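Since the structure comes first, as structure tokens, the remarks are kept for the end.
Rule-based calculations on the coordinates, nothing more; no lab input. Computed from a prediction, not measured in an experiment: that's the story for all the values here. All Cβ positions, even for glycine, are placed from backbone atoms using ideal geometry, and neighbour counts span all protein chains on display.
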Amino acid sequence: MRTTRSACAVLAALLLGAPTAALAQANCRNNGAFEPWLEAFKREAAAKGISQSAIAAASPYMVLDQRIINIDRGQRFFAQNFVEMSDKMIVGAGRLSSGVAQIKKNQALFAREEKEFGVPASVITAFWGLESDFGSGQGKDQAIKSLTTLAYDCRRSDMFRGHLFDALRLIERGDLRADEMIGSWAGELGQTQMMPSEYMAHAVDYDGDGRRNLIRSASDVIGSTGKYLVHLGWKRGEPWLQEVRVPANLPWKEADLSVQHPRSRWVGWGVSAASGKQLPNDSMPASVVLPVGRFGPAFLAYDNFQAYLQWNNSLNYSLTAAYYATRLDGAPPMTKSSGAIPKITFEEQREVQELLAKRGYDVGRVDGVLGLKTRVAIRDVQIKFNLPADGWPSPELLARLRAGR
């Protein structure tokens, strides 16, 4: 379960949605000494059938690193909206041309993967590019050290204990050596940044060398990412995201990921393809997503978009990855606005969350980040205030919340 998602180092600093697990026990205190804990962990690993040779190979790296705890407890997420983030992470970073080159270079592998798992090359390539720049930015931290530290730390110990056990199993299985397990600060490994339990359960040996090496083997990366996306719910042959035009009189309260309608209903409300052509008038379910409100770009999100949210529950990351895949498939650049997009400051976004929380809404972490819970709460209070319910905070909404009416 990808609850730590740090992605590549640059992307981690830009994500707008704080990972769910990052909300847990932020101020807990470690009481027990590290060394007795480590010895008990090693005994438990042996009792679970993990070999002494695997434990011994990992032992030089099973140390406490306070820096990792500090990073985990102090994650900072900057207030870039989807349009800004996608510009920076796709076009600004040169990932569109590099992604096209990777698809061409690995054409036979992608064809094999799509036949076996049904995930288009563009979808895998977008994750591959965002997570590690196709292997060039996999992280610089020793994974065993990070996992050991986070398994000992009280905040999310149960989750990271499981990942540390599976990291030892990866060593025992022969997929990776302990010394080559270099990845993100949170222990993610490989070119599409899998946590060890994901790696253990879903990686495949696609190049036939007897090892599932997601750090060095592009073949293994492509096959394993396709398999993992199927696990997350990917449906063969179905779309994931499509830019659309929405009319000014759309019933805005219907525009939310929690609301699905057949495409025929959206057609009836005047939603069309971004080109202006009519959408298929059929029963395929879809949601309208307005990442920066009703004056910004609009998308139809299909069932396959849920696999993106399973990969990373940040709406902005998921939209960026899905939009990147559509661009790799030849979609034109999105329409960035149809009018002036209302803006409030990062501090005001935090105030909106505080005022919503006082009204009893669950907005998740009060941190100025517009995550899915905050957007749902905004949409609900917009309906109560008889404002266009597009889930986007505006100066008018903030003024109404401040006034308490």
Would you look at the GNM of the chain, springs on alpha carbons closer than 10 Å, and say which of GLN349, GLN278, GLN310 moves the most?
-> GLN278
Label of the coordinate-derived value, Rg and Dmax of the Cα atoms in Å, listed as (1) 21.1, 65; (2) 22.3, 67; (3) 23.7, 90 | (2)
Antiparallel bridges, percent of DSSP beta bridges restricted to the chain (to nearest 5) | 95
Convex hull of Cα atoms in the range 43-190, direction-averaged projection (nm²) | 11.1
Expected sort for 88-99, 123-134 on mean C-beta neighbours within 10 Å, highest first, is 123-134, 88-99
Convex hull (Cα only) mean projected area of the range 120-229, reported in nm² to one decimal | 6.3
Output the peptides 34-46, 222-234 sorted from most to least packed, where packing is the average of other Cβ atoms within 10 Å over each peptide's residues.
-> 222-234, 34-46
Between 0 and 90°, nearest 10: helix 218-231 axis offset from the chain longest Cα axis = 60
Size of the dipole of the chain about the Cα centre, Lys and Arg at +1 and Asp and Glu at -1 on the beta carbon, nothing else charged, in debye to 20?
-> 840
How far is helix 372-384 tilted, in degrees, relative to the longest principal axis of the Cα atoms in the chain, given as a value from 0 to 90 rounded to the nearest 10?
-> 20
Which angle between 0 and 90 degrees, to the nearest 10, do you get for helix 34-47 versus the longest principal axis of the chain when only C-alpha atoms count?
-> 80
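When the chain is fully extended, how far beyond the present Cα-Cα distance does SER136 get from ASP329, taking 0.36 nm per residue of separation?
Length difference between fully extended and current span is 67.2 nm.
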Any chance you could run the full-extension gain for ARG29 through ALA340? It's 0.36 nm times the residue separation minus the Cα-Cα distance, nm to one decimal.
-> 107.3 nm
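Can you flag which of LYS115/LYS227; LYS253/LYS373; LYS104/LYS235; LYS358/LYS384; LYS88/LYS336; LYS253/LYS358 are past 20 Å Cα-Cα? If you can, show how the numbers build up before the last one.
Details: LYS115/LYS227 12 Å; LYS253/LYS373 15 Å; LYS104/LYS235 24 Å; LYS358/LYS384 16 Å; LYS88/LYS336 14 Å; LYS253/LYS358 22 Å.
With Cα atoms farther than 20 Å apart: LYS104/LYS235; LYS253/LYS358.
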When the Cα centres of the range 179-212 and the range 351-404 are compared, how far apart do they sit, in Å?
-> 40
Residues meeting the amide H criterion for LEU241 (H placed from the backbone, H to H distance under 5 Å, 5 or more places apart or on another chain) are TYR302
